[in-house]
Amino acid sequence: MNAIKAENLTKYYGNFLAVNNISFEVRQGEFFGLLGPNGAGKTTTIRMLTGLLKPTSGTAHVMGIDVVKNPVDVKAQIGVVSETANPYPEMTAWDNLMFAASLHDIQKKERKEQAENLLKLLGIYNRRNEKVENFSKGLRKRVAIAMALIHDPSLLFLDEPTAGLDVQSARMIREFLRRLNERGTTIFLTTHYIEEADMLCDRIAIIKNGKIIALDSPENLKSAKRREKVIEVSFDRYVADVEKSIAKLSTVSRVKKRGDKIRIYTSNFPKTIQEISRFAEENDLEIVSINTLTPTLEDVFVQLTGLSSLDIERMEQIGRLRKLRARGK
Ligand SMILES: Nc1ncnc2c1ncn2[C@@H]1O[C@H](COP(=O)(O)OP(=O)(O)OP(=O)(O)O)[C@@H](O)[C@H]1O
Ligand SMILES: [Mg+2]
């Protein structure tokens with residue numbers, strides 16, 4: 001039995017097609033990522049899989065149970081950390097966990113053990129008796145994760161668990177999720193951080209405009225692109241717009257400036273090396289270093305979606321502003 005099986009899942013909001021006929025399976029024990037830019041359909045997908053939103057068409061089974069027909073049975077088996085998941089601010093961390101436990105059928109002793117365990121693993125045990133209103137966004141997210149796990153579900157869903165968090169909280173959460181998965185919990189997370197998906201996931205589905213445009217392990221996604229080589233070169237002195245001149249060389253497909261280094265993408269490696277040395281000679285430049293790099297997941301993402309991570313960051317900012325405005329802030 002698969003942990004998740006989505007078949008032809010589709011969601012229209014009015015006339016707007018937000019999720020377009022997606023199908024995939026997540027194996028038990030897998031760490032699965034749904035990676036996509038702002039507005040791609042990640043939240044809509046996770047809400048359909050967790051029984052919070054009825055699909056327009058298609059089906060989803062979670063731990064073998066039909067989500068639309070038996071949402072209550074599904075909820076007993078899963079934990080959900082939604083995008084906006086928030087513990088009650090006027091309650092302490094501990095009381096939030098006890099409240100979450102009361103929604104499930106768990107023995108009192110077990111509740112306490114589980115709560116203690118989770119708070120320790122998430123590094124907030126010593127703050128358990130503080131009201132959550134004093135907590136940073138990162139600490140609140142950790143409480144929300146503990147709440148989602150209080151009944152020890154076999155499958156955990158998280159919608160952008162580290163978006164907008166401080167670096168320390170984000171790292172702590174990633175490390176926690178990795179360990180949780182190692183202990184056997186299946187994890188389904190959405191993210192727009194390419195590196196996060198690369199670091200954590202066994203397999204990644206890339207979603208764009210409601211459609212899954214690629215689904216594979218990070219390494220397989222990268223190897224599909226290995227025909228293209230990346231050369232990183234630096235010269236002994238700075239020349240204005242050097243990257244633009246290099247981009248004009250006949251065998252170069254794309255150029256990116258990274259600090260004092262220039263990344264050159266090519267599918268004709270030997271010819272490009274020749275062109276670069278000729279270019280250096282003609283411009284009286286000395287090559288200080290030259291390396292070949294294997295493509296990153298970001299390279300794959302850029303190729304598939306046509307979006308750079310800078311675009312994604314910008315879209316993320318716009319999205320956040322839009323949401324704040326919608327809430328009237
Ligand atoms: N309730 C709704 N009514 C109308 N359109 C909606 C609704 N919710 C989402 N949408 C639209 O559906 C598309 C997918 O939204 P969704 O929230 O699933 O994307 P996402 O990948 O989670 O993006 P984000 O990065 O903003 O969280 C977006 O274009 C969004 O504007
Ligand atoms: Mg979302």
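Of note:
- I65 being in contact with an Asp or Glu (Cβ under 6 Å, 6 or more places away or on another chain) and not acidic (D, E): yes
- Those residues of segment 12-69 which are within 12 Å of ligand 1 (Cβ to nearest atom), closer than 22 Å to L221 by Cβ and among the basic types (K, R), in sequence order: K42
- All positions within segment 75-86 that are modelled with pLDDT under 95 and either closer than 18 Å to H151 by Cα or not polar (S, T, N, Q) (or both): K75, A76, Q77, S82, E83, A85, N86
- Subset of segment 141-195 that is touching a His at 6+ places or on another chain (Cβ under 9 Å) and over 21 Å from M63 (Cβ atoms) - its residue that is modelled with the highest pLDDT: E160
- At least 2 residues being modelled with pLDDT of 90 or more is the threshold, and among the helices (runs of 4 or more DSSP H) wholly inside segment 223-318 those reaching it are 242-247, 269-282.
- Filter result (within 19 Å of the chain's Cα centre (by Cα), surrounded by fewer than 20 Cβ atoms within 10 Å (Cβ to Cβ) and more than 21 Å from V68 (Cα to Cα)) within segment 1-35: G29, E30
- Selection from segment 161-174 of residues that are within 15 Å of ligand 2 (Cβ to nearest atom) and buried (at least 21 other Cβ atoms within 10 Å of the Cβ): P161, T162
- Taking the listed residues K109, K120, K131, the one that is farther than 21 Å from T191 by Cα, at pLDDT below 95 and away from ligand 1 (no atom under 16 Å from the Cβ) is K109, with no other qualifying.
- Among the criteria (1) at pLDDT 90 or above; (2) not assigned by TED's automatic domain parsing to the domain that holds E25, the one K208 does not fulfil is (2).
- Neighbours by Cβ (under 7 Å, 6+ apart or cross-chain): first from segment 177-206, over 11 Å from P218 (Cα atoms); second in a loop (DSSP other than H, G, I, E, B) and more than 16 Å from ligand 1 (Cβ to nearest atom): G184/G29; T185/S154; T186/A3; T186/Q28; T186/G29; T186/E30; T186/S154
- Taking the numbered list (1) within 30 Å of Y125 (Cα to Cα); (2) more than 11 Å from ligand 1 (Cβ to nearest atom); (3) of a type outside the set (K, R) in turn, M1 passes all entries but (1).
- Flag if G210 is of a type in the set (G, A, S), under 24 Å from V62 (Cα atoms), surrounded by 21 or more Cβ atoms within 10 Å (Cβ to Cβ) and touching a residue at least 60 places away in the same chain (Cβ under 8 Å): yes
- Top-ranked residue in segment 54-83 [being of a type in the set (V, I, T) and within 21 Å of D152 (Cα to Cα); ranked as surrounded by the fewest Cβ atoms within 10 Å (Cβ to Cβ)]: V72
The values are calculated or read from the model by the stated rules, or taken from the named source; none is laboratory data. Computed from a predicted model, the values in this text were never measured in an experiment. Every residue, glycine as well, gets a Cβ built from its backbone with ideal geometry; the counts of neighbours run over all protein chains shown.
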